[in-house]
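These notes are about the structure you will find just below.
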Amino acid sequence: MLRRIAPILLTLVVVALGITALSAGPQTPPPRRSADYVVVVGVAGLRWEDVDPQGTPTLWQLARDGSIGSLSVRSAHQPTCPVDGWLTLGAGSFAAWTGSRSDGQCPPVEVTVERPDRIGANLPEQESVVLHNQDRLPWGTVPGALSESVRCSVAVGPGAAVAAARPFGRVDRYEPTLPEDPAGLLGSCVLSIVDLGMVAGEDPAVRAAAARTADEQLARVLAGRPPQSLVIVAGVSDTERPSRLHVAIADGPGWENGWLTSPSTGRRGYLQLVDLAPTALAALGRPMPDRPFLGRPAESVGGRPDDLSAAIAEPADADREAAAQRQVAGRFFTLLAAVQVALAVAVLPLLRRARRHAGPYGPKPVPRRVVATVEVLLVAAALAMPAALLAEAVPWWRNHHPAATFAGLTAVLLAAATLLVRLAPGYRSTLGPLGAVAGLTALAIGLDVVTGARLQLNGVIGYSALEGGRYAGLGTVGLGVFIAGALLSAGWLAQQVRRGWRPMVMVVVGGAAVVVVGSPYLGADSIGAIALTAGVSVAAAISAGGWLTLTRLAWAAMAGLAVTVGFAVVDLGRPPGERGSLGRFLAALGDGTGGLTVRRSSASNVETLVNSPLTVLALAGALLVWFALLQPWGGLMRLFGIYPAIRAAMAGTAVAAGVGGVLGAAALDVAGAAAALVVPVAALSALRVLDHSADRTRPGPVRPADAGPADAGPVEGGPVEGGVTPDGDAEHAAAGGADGKPGGAGPGAGRGRGRAVRSSAEVATG
């Protein structure tokens with residue numbers, strides 16, 4: 001009876017852990033009114049490296065008094081051209097101006113601003129821009145949503161006119177240039193938006209001159225700012241490819257000497273361009289529009305260094321790191337895919353010749369040194385991801401040759417990690433390398449997430465603040481690697497205990513991994529937690545033996561669905577501004593706009609599938625497993641029969657990675673990252689099982705027919721008693737024990753009680 005209800009109980013435990021992890025979110029206090037006026041000052045292309053006390057004294061003093069941060073200027077297109085940045089600022093959501101681009105560069109766009117009177121202005125192209133964003137782009141953005149939320153707004157300059165124009169094109173008050181004394185203009189409306197030009201190019205002298213001009217105009221803005229006002233200075237866009245991080249400063253009551261952050265980023269010192277519109281409305285105490293902004297109101301938090309130079313050095317360094325990451329990441333994943341494909345090709349003949357032949361005829365065995373070398377290379381390939389993650393602990397991006405520095409540093413860490421696995425006490429056992437690699441990987445990524453995911457942000461195998469998809473928690477690549485490491489570690493641990501305890505081990509380790517992935521304080525990935533819940537349920541169901549039947553797959557699907565429903569109920573009960581992606585999607589379904597989310601997700605899946613090198617890793621791994629490892633000569637079926645907990649872990653990894661990639665709009669990226677770990681250690685373990693496939697052992701004494709199966713077989717490395725374990729775990733019969741020697745084989749192995757000697761293949765199959 002207990003055995004029948006065990007899957008139900010374990011599924012409920014996993015579901016409870018998943019819902020608990022997802023629902024334990026921090027409570028964000030509602031924003032309070034802090035200003036009577038808001039002045040948003042934009043300088044396209046302004047970066048922190050342009051700010052210094054000599055050339056831009058006004059910016060320097062404003063940064064000293066206020067709060068600062070790195071601004072991600074993501075819009076509907078990349079790079080974010082100036083007109084797109086201004087439009088996104090006024091929309092509070094990703095937006096883009098009409099027109100085509102060549103090679104991703106910013107075309108010269110002249111915005112037509114008509115002035116039928118001396119008060120306001122009209123943008124004749126605004127209507128077509130609104131239709132373009134509503135019908136052609138998948139965000140459903142409403143340009144002019146910010147100005148529609150206040151009674152009156154002021155715009156100075158053409159870029160500000162784009163941001164302040166209402167959806168029908170009217171700008172309430174407009175001046176083409178900043179007056180010498182702007183006090184009367186800035187005090188005429190509660191919201192003012194000022195365009196101070198552009199800082200473009202890579203020539204330091206040209207940039208310094210443009211920044212100095214903008215700084216002089218900013219001094220006039222500050223001199224004429226209304227009392228009790230909040231001034232926000234932002235580098236509202238890029239000016240050319242590639243994208244960069246830009247300046248964000250907020251100065252006013254309640255914004256003194258802090259870091260800018262936003263719930264949309266969850267990372268101290270980072271906010272998005274789409275956060276500026278809700279920040280302005282929250283500071284004025286105005287309600288948000290009916291169609292919510294994508295951004296969230298920014299806030300000021302403590303922890304900033306007292307020395308302004310040291311404080312500004314942090315966002316400037318983050319910009320350099322993000323730029324270097326973009327250059328290195330593509331090369332790293334392309335090289336990793338090429339190396340793993342080459343290893344897969346090299347392993348094929350070894351698999352064919354790994355099985356020993358007892359007779360005088362048969363293929364010549366591969367030299368031991370060659371096999372040992374390939375095994376070490378497989379270990380190194382599996383450890384490439386965690387080695388690249390740990391390389392982020394050293395500021396390699398500050399070097400004049402960042403790519404070469406990263407490559408050298410990663411190679412050193414990879415060699416050290418490989419040597420550590422090679423010298424581990426259990427390396428000679430069949431599952432020794434698998435357990436060591438999985439444990440090191442899960443430990444490295446888990447510790448990084450628990451300590452704030454500092455190595456993930458702008459990391460080569462993490463996520464970039466320039467992309468704007470994620471700023472905190474566990475990224476797509478990290479999710480795939482962590483899923484594989486956690487479940488393989490759980491499988492290795494489960495294989496060391498009695499069969500009846502294996503599902504519990506899978507649930508305990510897998511449940512802890514679900515908490516790490518899903519908790520808003522840690523991984524902050526609700527989709528990943530739902531996917532991992534399904535994977536853990538699959539692994540727990542088959543860890544004691546048996547295959548992935550439709551019934552067990554249904555239990556896993558029900559577990560994932562239960563977590564989804566439970567979290568959805570909790571998420572929908574939160575205020576609209578505090579909901580996660582799942583709650584926002586369900587709310588969008590309720591108001592008829594959920595199709596936009598599905599459209600964005602589908603487009604993202606297709607784009608990632610076509611352009612990501614991880615797709616190659618996923619497909620190459622699947623081909624190697626299906627056409628080689630799972631064949632009768634491939635060894636993986638034998639491995640699965642001998643070690644059912646490892647089979648369960650790999651099945652759970654496949655389910656979790658597949659679900660996480662599709663639901664998370666990452667296509668095969670999660671599966672490719674998981675395959676980078678799973679496939680090499682699976683090939684290595686299959687080689688070792690095949691190497692011992694002809695080892696012989698003496699069967700144990702015959703039990704009475706009514707005695708029933710025993711509780712457990714021998715633990716790896718323990719004594720071999722007859723070579724057979726009741727659930728088919730004939731580990732020492734097939735693998736020859738922890739020292740790699742044939743278990744029980746030797747002179748006279750066929751004698752005793754007149755029994756014939758059986759091969760391990762017969763033992764493993766019952």
- Message: It is to be established whether one or more residues within the range 437-446 are within 12 Å of the chain's Cα centre (by Cα) and open to solvent by less than 30 Å² (accessible area, probe 1.4 Å).
- Response: yes
- Query: Listed residues Trp86, Trp60; which is at pLDDT 90 or above, among the aromatic types (Phe, Trp, Tyr) and out of contact with any Gly (no Cβ under 9 Å at 6 or more places or on another chain)?
  - Reply: Trp60
- Task: Would you check which residues across the range 52-70 are among the acidic types (Asp, Glu) and open to solvent by less than 60 Å² (accessible area, probe 1.4 Å) and list them?
- Result: Asp52
- Which of the residues that make up the range 250-267 are modelled with pLDDT of 90 or more and either buried (at least 19 other Cβ atoms within 10 Å of the Cβ) or among the hydroxyl-bearing types (Ser, Thr, Tyr) (or both)? Ala250, Asp251, Gly252, Trp255, Gly258, Trp259, Leu260, Thr261, Ser262, Thr265, Arg267
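Rundown of residues vs (1) of a type outside the set (Gly, Ala, Ser); (2) without any contact (Cβ under 8 Å) to a residue 12 or more places away in the chain; (3) touching a helix residue (DSSP H, G or I) at 6+ places or on another chain (Cβ under 8 Å), yes/no style:
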{"position": "Ser264", "(1), (2), (3)": "no, no, yes"}
{"position": "Gly269", "(1), (2), (3)": "no, no, yes"}
{"position": "Leu273", "(1), (2), (3)": "yes, no, yes"}
{"position": "Leu276", "(1), (2), (3)": "yes, no, yes"}
{"position": "Asp290", "(1), (2), (3)": "yes, yes, no"}
{"position": "Arg296", "(1), (2), (3)": "yes, no, yes"}
{"position": "Gly303", "(1), (2), (3)": "no, no, no"}
{"position": "Asp307", "(1), (2), (3)": "yes, yes, no"}
{"position": "Ala316", "(1), (2), (3)": "no, no, yes"}
- Would you point out the residue of the range 278-295, among those that are under 20 Å from Glu256 (Cα atoms) and of a type outside the set (Ser, Thr, Tyr), that is surrounded by the fewest Cβ atoms within 10 Å (Cβ to Cβ)? Gly285
- Kindly check whether there is at least one residue in the range 128-137 that is touching a strand residue (DSSP E or B) at 6+ places or on another chain (Cβ under 7 Å) and not in a helix (DSSP H, G or I). no
- Count - residues of the range 525-565 that are at pLDDT below 70 and open to solvent by less than 20 Å² (accessible area, probe 1.4 Å): 4
- Task: State yes or no: is Ala205 in a helix (DSSP H, G or I) and buried (at least 24 other Cβ atoms within 10 Å of the Cβ)?
- Result: no
- Item | Condition met for Val450 (of a type in the set (A, V, I, L, M) and surrounded by fewer than 23 Cβ atoms within 10 Å (Cβ to Cβ)) | yes
- Message: With the structure loaded, tell me whether Gly491 is modelled with pLDDT of 90 or more, small (Gly, Ala, Ser) and within 17 Å of the chain's Cα centre (by Cα) or whether it fails that test.
- Response: no
- Task: Confirm whether Leu455 is open to solvent by 10 Å² or more (accessible area, probe 1.4 Å) and farther than 30 Å from Ser237 by Cα.
- Result: no
- Would you be able to say whether some residue in the range 245-254 is more than 30 Å from Ser188 (Cβ to Cβ) and either in a loop (DSSP other than H, G, I, E, B) or not small (Gly, Ala, Ser) (or both)? yes
- Task: All but one of (1) modelled with pLDDT under 65; (2) in contact with a Gly (Cβ under 8 Å, 6 or more places away or on another chain); (3) open to solvent by less than 40 Å² (accessible area, probe 1.4 Å); (4) not in a loop (DSSP other than H, G, I, E, B) hold for Thr11, so report the exception by its number.
- Result: (2)
- Note on the structure: If you go through Ala657, Ala651, Ala666, the only one that is touching a residue at least 40 places away in the same chain (Cβ under 8 Å), farther than 15 Å from Ala539 by Cα and either open to solvent by less than 40 Å² (accessible area, probe 1.4 Å) or not in a helix (DSSP H, G or I) (or both) is Ala666
- Message: For the range 502-511, give me each residue that is without any contact (Cβ under 8 Å) to a residue 60 or more places away in the chain and closer than 19 Å to Val481 by Cβ.
- Response: Val509
- Query: For the range 110-126, what are the residues that are assigned to a loop (DSSP other than H, G, I, E, B) and open to solvent by less than 50 Å² (accessible area, probe 1.4 Å)?
  - Reply: Val111, Val113, Gly120, Leu123
- Message: Against the conditions (1) open to solvent by 30 Å² or more (accessible area, probe 1.4 Å); (2) in contact (Cβ under 8 Å) with a residue 12 or more places away in the chain; (3) in a helix (DSSP H, G or I), where does Gly426 fall short? Just the number, please.
- Response: (3)
- Taking the range 612-639 on its own, how many of its residues are without any contact (Cβ under 8 Å) to a residue 40 or more places away in the chain and under 22 Å from the mean Cα position of the chain (by Cα)? 0
- Query: Can you name the residue in the range 349-403 that is modelled with pLDDT of 90 or more and of a type in the set (D, E, K, R) and is also farthest from Leu614 (Cα to Cα) among such residues?
  - Reply: Arg398
- Message: Condition first: among the aliphatic types (A, V, I, L, M) and over 45 Å from the mean Cα position of the chain (by Cα). Now tell me which residues in the range 165-190 satisfy that.
- Response: Ala183, Leu185
- Residue count, the range 376-408, condition aliphatic (A, V, I, L, M) and in a loop (DSSP other than H, G, I, E, B), comes to 2
- Task: Working carefully through the options Val194, Val162, Val154, find the one that is within 35 Å of the chain's Cα centre (by Cα), within 15 Å of Trp86 (Cβ to Cβ) and β-branched (Val, Ile, Thr).
- Result: Val162
- Query: Taking the range 388-423, which residues are crowded, with 21+ Cβ neighbours inside 10 Å and farther than 24 Å from Leu488 by Cβ?
  - Reply: Trp396, Trp397, Phe406
- Just wondering, is there one or more residues in the range 286-309 that are under 21 Å from the mean Cα position of the chain (by Cα) and hydroxyl-bearing (Ser, Thr, Tyr)? no
- Task: Kindly indicate whether Arg502 is over 24 Å from Leu378 (Cα atoms), out of contact with any Lys or Arg (no Cβ under 6 Å at 6 or more places or on another chain) and surrounded by fewer than 22 Cβ atoms within 10 Å (Cβ to Cβ).
- Result: no
- Task: Give the residues of the range 162-181 that are basic (Lys, Arg) and under 18 Å from Thr98 (Cβ atoms), sorted by residue number.
- Result: Arg166
- Within the range 301-346, considering residues that are among the basic types (Lys, Arg) and open to solvent by 60 Å² or more (accessible area, probe 1.4 Å), the one modelled with the lowest pLDDT: Arg326
- How many residues are open to solvent by less than 20 Å² (accessible area, probe 1.4 Å) and either among the polar types (S, T, N, Q) or within 12 Å of Leu479 (Cα to Cα) (or both) if we restrict to the range 505-524? 6
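The values are calculated or read from the model by the stated rules, or taken from the named source; none is laboratory data. Note that the structure is predicted; figures quoted are calculated from it, not measured. Every residue, glycine as well, gets a Cβ built from its backbone with ideal geometry; the counts of neighbours run over all protein chains shown. Protein only, heavy atoms only, side chains kept; ligands, DNA and RNA dropped before computing areas. Shrake-Rupley method; radii C 1.70, N 1.55, O 1.52, S 1.80 Å.
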